[in-house]
Amino acid sequence: MLSYLLLVSVLVTVINADPVTFLKCKGDDDKCAKESTKAAIPIYTAGIPEFGVETLDPVFFKNIDSSSPTLKLLLDNVTVKGLRNCIAKKAQRDAKNSKLFLRIQCDATLDGHYVMSGRLLVLPIEGNGKVHVDLKKAVIDVNMDISDKQGKDGKNHWTVKSWSHTYDLKDRSTVRFENLFNGNRVLGQAAEGVIAQSGNEIIREVGSPVIKTVVARVVDTIHHFFEAVPTEDLTLD
Ligand SMILES: *[C@@H]1O[C@H](CO)[C@@H](O)[C@H](O)[C@H]1NC(C)=O
């Protein structure tokens, strides 16, 4: 995803043996980096098996523990869709300090199974069933520390040494839990009403582990991508 880089050009190179270099960027050319990342996202999220990049849309997680200090919340069989439509808002490479920065804005859906008990937004709550999340305009910043490493091909490769992220919700997202209180309508209705109005608050309270898990998967693919593609194919520096 971070191919300001030139994922597209790499792909075209592989297919055509005729490099399209206009998407390769100089380290300090943020505009180029952003355009290149923008162009790369749909291709990258579709998966590039030959570069070890698995499909990211949809992307599946067997289990995610999203518990908070007041709520036990376990998610199973989680499918996230829509990452192909993420928009690159900013992409920067700080060559001197070996850092990559990416800001993307995503609309995505999450579907899975949940089990929860405890307190959610001060509401006593429990349930076990399907969960559906509609994430709207989630803006995610990812900072990566990169180091250089000689690859099996003898060429220089980037490697993701460490990373961190933050996120912000720029629109109203929604969260729906089915079968709250095991279907007890009386108990369920009041909670459903509050939950229906409080998507962003719920995501901020218990959604962060889910977002982190998704970002971790994306960074993992970037790591594999860098392992497969030498630096010289990714930048004009
Ligand atoms: C998750 O999916 C697996 C495989 O389809 C299934 O066996 C399991 O029961 C599912 N787990 C839940 C909690 O739905």
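We did not get these values from a lab; they are worked out from the coordinates using the rules stated. Since this is a predicted model, take the numbers as computed values, not measurements. Glycine also receives a Cβ, built like all others from the backbone with ideal geometry; neighbour counts cover every protein chain displayed.
Numbers below:
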read-out: Segment 127-196: relative contact order in percent, alpha carbon pairs under 8 Å with at least 6 residues between; value: 41 percent
read-out: Calculated Rg and Dmax of segment 137-237 using C-alpha coordinates, Å; value: 20.7, 66
read-out: Cβ-based exposure ranking for Val218, Val186, Val175, in which fewest neighbours within 10 Å come first; value: Val186, Val175, Val218
read-out: Kirkwood Rh, angstrom, the chain [1 / mean 1/r, Cα pairs]; value: 19.0 Å
read-out: Candidates Asp168, Asp153, Asp141: whichever shows maximal mean-square fluctuation once the chain is modelled as a Gaussian network with Cα springs under 10 Å; value: Asp153
read-out: Relative contact order of the chain, pairs being alpha-carbon contacts under 8 Å that are 6 or more residues apart, as %; value: 20 percent
read-out: Isotropically averaged projected area of segment 67-107, using the convex hull of Cα atoms (one quarter of hull area), nm²; value: 5.4 nm²
read-out: Segment 114-237, relative contact order in percent, only Cα pairs under 8 angstrom and at least six apart counted; value: 28 percent
read-out: Restraint check, Lys38/Lys136; Lys24/Lys155; Lys31/Lys149, Cα-Cα greater than 21 Å; value: Lys31/Lys149
read-out: Burial ordering of Tyr44, Tyr114, fewest other beta-carbon atoms within 10 Å first; value: Tyr114, Tyr44
read-out: Per-residue Cβ neighbour rank within 10 angstrom, fewest leading, Phe60, Phe226; value: Phe60, Phe226
